[in-house]
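One structure is given here, and the rest of the page talks about it.
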There are 2 protein chains.
Amino acid sequence: MIRTNSELLSYVSQIQRLGKWGIVEEEFGPKNKIIEQDQRYSQVHLIKEGIAKCYISDDNGREFIQEFLGAGMEFGELEVFTGRLSICAVESITHLTVFSFSYADFRALVKTDARFNHLVMKALADKIRYKAPRHSYQHSHPIEDNVLRLQELFPDFARVISKKDIANYIGITVRSLNRALKQLEGAGKLK
Amino acid sequence: MIRTNSELLSYVSQIQRLGKWGIVEEEFGPKNKIIEQDQRYSQVHLIKEGIAKCYISDDNGREFIQEFLGAGMEFGELEVFTGRLSICAVESITHLTVFSFSYADFRALVKTDARFNHLVMKALADKIRYKAPRHSYQHSHPIEDNVLRLQELFPDFARVISKKDIANYIGITVRSLNRALKQLEGAGKLK
DNA sequence: CAATAAAAAGGACATTTGTCCTACCCGTAA
DNA sequence: TTACGGGTAGGACAAATGTCCTTTTTATTG
């Protein structure tokens, strides 16, 4: 449920320690909007520590959470390749420490460092291969199944992530989430 | 709605004409299952001509269409990077002509040809940036809006793609699709 | 051509889910 | 302290959507 990428994180930490590139460390408190939707930026970020959410808001003001990002996950990297505006907003949930690259450095690394290139490519592929089955599952299974699934993947999700975020992640309303939780409690399948 | 990538197609055509790599051309009739879900393969494909669908089937036998693939779209490439089983099945809709690479050649090209590397990276990024807003839109808009949207993106979708596939693409049943179409006809918003 | 299968259309009903609303608890700022 | 906002919880109702089924149309193939 909360995605991570330890291989990428440790490699980037290593690069950063060398000091050859302008990779800086930044800190954010909780509930900090780091990236807004439909904007242009010039930095790529990689989470060193903490949890953030990446979400799309639609015209009706609803939020649809794409991913919860944990250690080693990048964001803002798509735009380097597509040259277009950001599609997701990213907001810290817990306190967050990130590495930040300029587009120029990120591009240069991708071009000259084969291992970095490969890890970034793999990270993109992983984002795709993770998203598809999740949406498919959500679509074709009742809410209760989805909740149980979360519980398996991340036993104490309820203690870290708000109900609202969980609902937006599953793509339902808080009301429906509560109904499902009630249902599961009654059946003794929860907690 | 039907994704394409002319830049990648023309570059691969060019590479193939050089004959330095073992890129072969293959043909498939309509309704041919080229890739099955949860299998291991050793080839990457790129569509030269025709339309295919890429879909996930869930445990209940329902299909959820991820993308309609047109000229220049790759499939089977994720597994080169992730080393895992296929997540989607791919089936031709029309007659299909594809270029096929062995994993070895694909990997070698990614490693040695900077332009190819960049185009593949961009193609991955595009797959991500395309998928997210679509699912978000589908989720938070009534079916009618989704149908109208398809109509805009691809005016005569109904003549090429079956109702079942369209419904599976939007993530609804055929019954609901018919209801929406009826609704729109009545309001004079269709055709 | 006839036979059969697959796709399309839609009625009737049940269920799920969303919308709207009210209430409660808790932490914080005035 | 009091007032307020945010998160949580759940009742009542309406609307959207799925399920199941029947009929018609269109395409395929022996």
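The values are calculated or read from the model by the stated rules, or taken from the named source; none is laboratory data. These numbers come from a predicted model, not from an experiment. With ideal geometry, Cβ positions are generated from the backbone for all residues, glycine too; neighbour counts draw on all protein chains shown.
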Task: Of all residues making up segment A:120-143, the number that are among the charged types (D, E, K, R) and more than 9 Å from chain B (Cβ to nearest Cβ) - done: 1
Task: Residues located in segment A:117-133, provided they are buried (at least 18 other Cβ atoms within 10 Å of the Cβ) and under 16 Å from the mean Cα position of the chain (by Cα) - done: A:Val120, A:Lys122, A:Ala123, A:Leu124, A:Ala125, A:Asp126, A:Lys127, A:Ile128, A:Arg129, A:Lys131, A:Ala132
Open item on the list: Condition first: in contact (Cβ under 8 Å) with a residue 40 or more places away in the chain and under 18 Å from A:Ile51 (Cα atoms). Now tell me which residues in segment A:166-191 satisfy that.
Closed with: A:Asn168, A:Tyr169
Open item on the list: Suppose the filter is at pLDDT 95 or above and part of a loop (DSSP other than H, G, I, E, B); does A:Leu109 pass it?
Closed with: no
Task: Any chance B:Ala114 is surrounded by fewer than 16 Cβ atoms within 10 Å (Cβ to Cβ), at pLDDT 95 or above, among the small types (Gly, Ala, Ser) and within 20 Å of A:Leu78 (Cα to Cα) - done: yes
Task: Selection count where residues are surrounded by fewer than 18 Cβ atoms within 10 Å (Cβ to Cβ), within 13 Å of chain A (Cβ to nearest Cβ) and within 18 Å of the chain's Cα centre (by Cα), scope segment B:78-95 - done: 1
- [ ] From B:Asn146, B:Asn60, grab the single residue that is part of a helix (DSSP H, G or I) and in contact with a helix residue (DSSP H, G or I) (Cβ under 7 Å, 6 or more places away or on another chain).
- [x] B:Asn146
Task: Cross-chain or 6+ apart pairs with Cβ under 6 Å, segment A:153-165 first and away from chain B (no Cβ under 14 Å) and more than 8 Å from DNA strand D (Cβ to nearest atom), then part of a helix (DSSP H, G or I) and not basic (Lys, Arg) - done: A:Phe157/A:Leu150
Open item on the list: For segment B:131-165, which positions are at pLDDT 90 or above and near DNA strand C (Cβ under 9 Å from one of its atoms)?
Closed with: B:Ile161, B:Ser162, B:Lys163, B:Lys164, B:Asp165
Task: Candidates B:Tyr41, B:Tyr55 - the one that is among the hydroxyl-bearing types (Ser, Thr, Tyr), closer than 17 Å to B:Phe28 by Cβ and within 11 Å of another protein chain (Cβ to nearest Cβ) - done: B:Tyr55
TODO: Could you tell me whether any residue of segment A:32-45 is free of Cβ contacts under 8 Å to residues at least 40 places away in the same chain, outside the structural domain of A:Val160 (by TED's automatic domain parsing) and either hydrophobic (A, V, I, L, M, F, W, C) or assigned to a loop (DSSP other than H, G, I, E, B) (or both)?
DONE: no
Open item on the list: Just to verify a result, which residue in segment B:20-59, among those that are at negative phi and small (Gly, Ala, Ser), is farthest from the chain's Cα centre (by Cα)?
Closed with: B:Gly22
Open item on the list: Only one of A:Asn178, A:Asn168, A:Asn117 is within 16 Å of DNA strand C (Cβ to nearest atom) and within 14 Å of chain B (Cβ to nearest Cβ). Can you tell me which?
Closed with: A:Asn168
TODO: Of the numbered conditions (1) without any contact (Cβ under 8 Å) to a residue 24 or more places away in the chain; (2) within 21 Å of A:Leu69 (Cβ to Cβ); (3) among the charged types (D, E, K, R), A:Asp145 fails exactly one; give the number of that condition.
DONE: (2)
